[in-house]
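Undergrad: I have a structure I would like to understand better, so I am pasting it below and will then ask my questions one at a time.
The values are calculated or read from the model by the stated rules, or taken from the named source; none is laboratory data. All figures in this text were calculated on a predicted structure; none of them were measured in a lab. Every residue, glycine as well, gets a Cβ built from its backbone with ideal geometry; the counts of neighbours run over all protein chains shown.
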Amino acid sequence: MADIHLLRDLQTIDTETIAKRRELSDVLNELKGSEELQAARIISTNSAETLTKAEAKQRDAELEMGSLKTKRNQSNDKLYSGSIKNPRELKDLQMEVESLDRRIALREETMIEILVGVETAQSAKDDADILLVELEEAWVQRLQELEKRKVELAIAIRDLQQRRKAQVARLPAATYKRYEKILVSNKGLAVVPLVRGNTCDGCSTSLPQSMLTKVRGGGIVNCPHCGRIIHT
């Protein structure tokens, strides 16, 4: 087989290898974890913390409310028990009961806000947990697919490397060295087809007739612009 055909087939192997390696890199990156899932975990954790704080605030408010009501009831009972005869003491106790009633009324308004906050936090946590479960389940399935694809790509790359080794062995050393140099300088693409009858597919440069004759005759011709080897 002519060297140009061997080079063309070697380029095909290298192009496929590059594509497989890029895909494998993408798979390995995705195996590090789903960004969407990681974000959902953070949201779930944060929503749980928000709910915990809201519930703690509710318990504190309920304790304060209970303490105020107990104190109010005790003062009220004392006020109407008849045990206090001094008018000044009765007036002070009446003022204390009224003050406690006002404080209780204010706390009841605050309690409504706190309860709304707890309900909102609970709803947000429930939504976050539902989303997290859905994403976790989807990730388990995706993880299986990624692991399977990783193995498939590793095997494919290994096979391509073996094919490449066999292909390189069929080429003259000087020709292969020339190919490798072009491959590196042109980002993995050393051999390209002739398109539209006279144009390099690598850089769209039109070749002179003398080069076209040599290309069509199976010779190894480098594009005068990009340096790539051209085949028909």
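Undergrad: Keeping to the range 203-232, report how many residues are surrounded by fewer than 19 Cβ atoms within 10 Å (Cβ to Cβ), touching a helix residue (DSSP H, G or I) at 6+ places or on another chain (Cβ under 7 Å) and hydrophobic (A, V, I, L, M, F, W, C).
TA: 1
Undergrad: Report yes if Ile84 is of a type in the set (A, V, I, L, M) and assigned to a helix (DSSP H, G or I), otherwise no.
TA: No.
Undergrad: Does Gln144 meet the test of being more than 30 Å from Glu36 (Cα to Cα) and either touching a strand residue (DSSP E or B) at 6+ places or on another chain (Cβ under 7 Å) or in a helix (DSSP H, G or I) (or both)?
TA: no
Undergrad: Within the group Met65, Met95, which residue is in contact with a helix residue (DSSP H, G or I) (Cβ under 7 Å, 6 or more places away or on another chain) and part of a helix (DSSP H, G or I)?
TA: Met65
Undergrad: Turning to a different aspect of this structure: Quick check on the range 118-137: of everything there that is among the small types (Gly, Ala, Ser) and touching a residue at least 24 places away in the same chain (Cβ under 8 Å), which residue is farthest from Ala40 (Cα to Cα)?
TA: Only one residue fits best here, namely Ala121.
Undergrad: Something else: Contact list please: Cβ distance under 9 Å, first residue in the range 80-93 and in contact (Cβ under 8 Å) with a residue 24 or more places away in the chain, second residue in a helix (DSSP H, G or I) and of a type outside the set (A, V, I, L, M, F, W, C), pairs at least six apart or on different chains.
TA: Going by the 9 Å Cβ cut-off, there are no qualifying pairs.
Undergrad: If you go through the range 46-100 one residue at a time, how many are farther than 30 Å from Ala121 by Cα and charged (D, E, K, R)?
TA: 11
Undergrad: Ok, one more. All but one of (1) of a type outside the set (Ser, Thr, Tyr); (2) surrounded by fewer than 14 Cβ atoms within 10 Å (Cβ to Cβ); (3) touching a Cys at 6+ places or on another chain (Cβ under 6 Å) hold for Cys200, so report the exception by its number.
TA: Here Cys200 meets the rest and fails (2).
Undergrad: Picking from Arg21, Arg8, which residue would you name as being touching a His at 6+ places or on another chain (Cβ under 6 Å), closer than 30 Å to Val221 by Cβ and at pLDDT 95 or above?
TA: Arg8
Undergrad: Something else now. What number of residues within the range 75-129 satisfy the criterion of being aliphatic (A, V, I, L, M), closer than 30 Å to Glu49 by Cβ and over 41 Å from the mean Cα position of the chain (by Cα)?
TA: Adding up the residues that qualify gives 1.
Undergrad: To continue, here is another question. Just for the range 161-197: of the residues that are touching a strand residue (DSSP E or B) at 6+ places or on another chain (Cβ under 7 Å) and assigned to a strand (DSSP E or B), which one is surrounded by the fewest Cβ atoms within 10 Å (Cβ to Cβ)?
TA: Taking the candidates together, the pick is Pro193.
Undergrad: Identify all residues within the range 1-52 that are in contact with a Leu (Cβ under 8 Å, 6 or more places away or on another chain) and within 20 Å of Ala169 (Cα to Cα); write none if there are none.
TA: If the condition is that a residue be in contact with a Leu (Cβ under 8 Å, 6 or more places away or on another chain) and within 20 Å of Ala169 (Cα to Cα), then Asp3, Leu6, Leu7, Leu10, Gln11, Ile13, Asp14, Thr15, Glu16, Thr17 are the ones that fit.
Undergrad: Also, quick follow-up: Is it the case that Glu108 is without any contact (Cβ under 8 Å) to a residue 40 or more places away in the chain, within 26 Å of Glu64 (Cα to Cα), of a type in the set (Asp, Glu) and in a helix (DSSP H, G or I)?
TA: Against the criterion (without any contact (Cβ under 8 Å) to a residue 40 or more places away in the chain, within 26 Å of Glu64 (Cα to Cα), of a type in the set (Asp, Glu) and in a helix (DSSP H, G or I)), Glu108 does not qualify.
Undergrad: Of these, Thr213, Thr205, Thr199, which one is touching a residue at least 12 places away in the same chain (Cβ under 8 Å) and hydroxyl-bearing (Ser, Thr, Tyr)?
TA: Only one candidate qualifies: Thr205.
Undergrad: Oh, and also: Going by the structure shown, is Leu68 in contact (Cβ under 8 Å) with a residue 24 or more places away in the chain, more than 30 Å from Ile112 (Cα to Cα) and in the same structural domain as Ile112 (by TED's automatic domain parsing)?
TA: So Leu68 fails the test.
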